[in-house]
Amino acid sequence: MSDIPFCGKGDKQVNREEFLEGLQSALSGRVPPSVVRENLRYYDEYIRGEAAKGRPEADVLAELGDPRLIARTIEDTTPGAGEGNFDEYRANPFGDMADRYREATEEDSARTRGSVHYYDLNKWYWKLIAIVVIVLVVALMLAVVSGILTLVIPLLPVIIAVLMVMWIVRMF
């Protein structure tokens with residue numbers, strides 16, 4: 001790990017490529033290659049975006065800190081990391097199209113293996129469905145309560161009369 005460049009106060013300044021290489025080196029084999037690829041893209045876009053806003057690249061890298069610490073955080077928050085060895089991440093010379101094709105074929109093969117599919121319940125239509133279900137449950141509860149009341153209200157004078165007779169009988 002000591003060969004991974006550190007970008008911080010008092011140390012030599014590294015550029016974006018060295019930072020990303022350090023992050024890749026720290027993550028490779030510890031988390032799935034897709035996680036490495038996703039995080040490398042994120043930090044590359046972040047550094048480029050901040051530089052496009054006029055910030056010096058060195059300041060952005062100093063703000064981010066040590067890529068080993070970032071890698072450790074990513075490893076700690078990645079499900080399954082540390083449970084086994086992952087393939088080493090290697091940059092794809094063919095670019096994004098080959099990555100997308102590989103990801104699509106991995107998804108297709110995962111579907112055919114009967115793997116678990118997770119639904120993103122933060123979509124607007126899931127929220128709408130939840131609201132509709134809640135409204136229907138409340139309407140059903142009100143219908144049941146009102147049905148019970150329509151049966152009890154006509155009998156209420158009789159119930160009160162019986163209770164009064166019982167009360168009078170107990171007094172004497």
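A few points about this structure:
- Approximating the spin labels as points 7 Å out from Cα along Cα→Cβ, the Glu45-to-Met166 distance works out to 7.1 nm.
- For the stretch 14-70, the Kirkwood estimate of the hydrodynamic radius, built from every pair of different alpha carbons, is 11.5 Å.
Every number here is computed from the coordinates shown, using simple stated rules; none is lab data. Quick caveat: nothing in here was measured; it's all calculated off a predicted structure. Here the Cβ is made from the backbone with ideal geometry for all residues, glycine too, and neighbour counts use every protein chain on show.
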